[in-house]
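Asker: Once you've had a glance at the structure underneath, I'll fire off some questions.
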Amino acid sequence: FDAVDIITTKRDGGTLSPDQIDWVLDAYTRGRVGDEQMAALAMAIRIRGMDSGEIRQWTRAMIASGERMDFGTLSKPTADKHSTGGVGDKITLPLAPLVAVFGVAVPQLSGRGLGHTGGTLDKLESIPGWRADLTNEEIHAQLEDLGPVICAAGTGLAPADKKLYALRDTTGTVDSIPLIASSIMSKKIAEGTGTLVLDVKVGSGAFMKRLPDAQELARTMVELGTGAGVSTSALITDMSVPLGRTVGNALEVRESVEVLAGGGPRDVVELTVALATEMVSRAGEGERDVAAALKDGRAMDMWRRMISAQGGDPDAPLPTAREKQHVRATKSGIVTEMDALRVGYASWRLGAGRARKGDAVQAAAGIEIHKVVGEAIEAGEPLFTLHTDEPNRFERAVDMLDGATIIDGNAAQSRGSVILDR
Ligand code: URA
């Protein structure tokens, strides 16, 4: 095979054969096809697309590039959730222990954030002592003995994707439905979960800005999962506004703990309960009243055990920022819009996210949202509180939030369900 031949086939709108796909991904993983050639191929795929057979083969080849985990020896079913990423999306934190209450093991292999959407591991690392890196043996033991594990995805799963995703990130080829679907599903299938529930985000803060694109991404991923023997379903959920009332690392842990204590913002609770219900029932444990486990302390108890099992102290105070600043409403009325992307970028500018892989993030940086869509505010009342350790970051964050929110003096708007489709 010849890389140039494969690139030009796709460039000219042709279909890649299974053998071509296997060869090019294997050669890329081994360093025999260079970044420049793979970048050209990714751009050709971004522009020309792939048919469902090509996507299936591309996904298989990425899985074949690394190890596969096998949870078949566990005494309980496994269920995992994947979100395509959003602003204030802390759902994994309350979800994993909640699902585990019902006898389901939850292997939630996660990542650190890149760009404006925070990473689950970054959030949990704000808990003193908590450890993201577990060996495969530790993961198995915690799944069997306790149930929920949120930890770093080992480097052994789909190494082709690791390389390719970093390349796409710097070549304008992230937003391709075939490449996103195969990237996510190769890791999830290699991880070995029995059930997978996808939370596909749509709106300004998400990869997919329009509902039809989110629906196509969801259908593509469900098809890939189902075809590989994983019981897969997807919810399409709103990411036009931030999820909940906090964006940041420690701030999102705090809000997750509120949800586990039976409180928390309505949208976060709604989505957590919907995803947990889906995971528990698809894993074969029936239609259960998962909301009750948030109210009666069972999910909180599981959370505390999960954090302790990974070296964290669930009672330790979370880090707080050295500096805080309010952003106040300039008029009175109802909040009718709050742009998720701008809030995400502002939080990033405060230090909650990283600009480059490997950068440190501030545990305490981020944004508290005092009034969400549908709520009334008076001119001069705080709308946001910005948190950071470095006050020179405030100005750029404030600029980003300028115009992010619409307050309407006459509106009577309440926010609908975050779940838009399934
Ligand atoms: N998340 C992934 O893992 N891969 C993508 O391509 C996009 C989001």
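Asker: Looking at the structure I just gave you, is Trp23 surrounded by 15 or more Cβ atoms within 10 Å (Cβ to Cβ) and either modelled with pLDDT under 95 or under 20 Å from Thr171 (Cα atoms) (or both)?
Answerer: In short, no.
Asker: While we're looking at this one, here's another question. Filter segment 129-170 down to residues that are among the charged types (D, E, K, R) and not in a helix (DSSP H, G or I) and give me whichever is farthest from the ligand (Cβ to nearest atom).
Answerer: Arg131
Here's the yes/no breakdown for (1) assigned to a helix (DSSP H, G or I); (2) modelled with pLDDT of 95 or more:
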| residue | (1), (2) |
| --- | --- |
| Ala190 | yes, yes |
| Leu196 | no, yes |
| Asp199 | no, yes |
| Ser204 | no, no |
| Ala214 | yes, yes |
| Ala218 | yes, yes |
| Thr226 | yes, yes |
| Ser233 | no, yes |
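Asker: Let me ask something else about it. Sort through Ala228, Ala190 and tell me the only one that's within 15 Å of the ligand (Cβ to nearest atom), within 27 Å of Ala100 (Cβ to Cβ), assigned by TED's automatic domain parsing to the domain that holds Leu164 and touching a residue at least 40 places away in the same chain (Cβ under 8 Å).
Answerer: Ala190
Asker: Right, next: Which numbered condition trips up Ala412, out of (1) within 23 Å of Pro319 (Cα to Cα); (2) assigned to a loop (DSSP other than H, G, I, E, B)?
Answerer: So the condition that Ala412 fails would be (1).
Asker: Looking only at residues in segment 34-54 that are out of contact with any Leu (no Cβ under 7 Å at 6 or more places or on another chain) and surrounded by 21 or more Cβ atoms within 10 Å (Cβ to Cβ), which one is farthest from Ala3 (Cα to Cα)?
Answerer: Met50
Asker: Is it the case that some residue within segment 249-259 is outside any helix (DSSP H, G or I), more than 16 Å from the ligand (Cβ to nearest atom) and buried (at least 21 other Cβ atoms within 10 Å of the Cβ)?
Answerer: So far as segment 249-259 goes, yes, one or more of its residues are outside any helix (DSSP H, G or I), more than 16 Å from the ligand (Cβ to nearest atom) and buried (at least 21 other Cβ atoms within 10 Å of the Cβ).
Asker: Given Arg56, Arg68, which one is basic (Lys, Arg) and in a helix (DSSP H, G or I)?
Answerer: Answer to the selection: Arg56.
Asker: Could you check segment 148-188 and list, in sequence order, the residues that are small (Gly, Ala, Ser), in contact with a helix residue (DSSP H, G or I) (Cβ under 8 Å, 6 or more places away or on another chain) and either within 23 Å of Ala40 (Cβ to Cβ) or at pLDDT 90 or above (or both)?
Answerer: Ala152, Ala158, Ala160, Gly172, Ser176, Ala181, Ser182, Ser183, Ser186
Asker: Would you please name the residue that is farthest from Ile63 (Cα to Cα), looking only at residues in segment 128-139 that are touching a residue at least 12 places away in the same chain (Cβ under 8 Å) and out of contact with any strand residue (DSSP E or B) (no Cβ under 9 Å at 6 or more places or on another chain)?
Answerer: Pro128
Asker: Among the residues of segment 55-93 satisfying the criterion of being more than 21 Å from the chain's Cα centre (by Cα) and within 16 Å of the ligand (Cβ to nearest atom), which is nearest to Leu157 (Cα to Cα)?
Answerer: Restricting to residues being more than 21 Å from the chain's Cα centre (by Cα) and within 16 Å of the ligand (Cβ to nearest atom), the top hit is Gly66.
The values are calculated or read from the model by the stated rules, or taken from the named source; none is laboratory data. Source: prediction; values computed, not measured. Note that each Cβ is placed from the backbone with ideal geometry, even for glycine, and that neighbours are counted across all protein chains shown.
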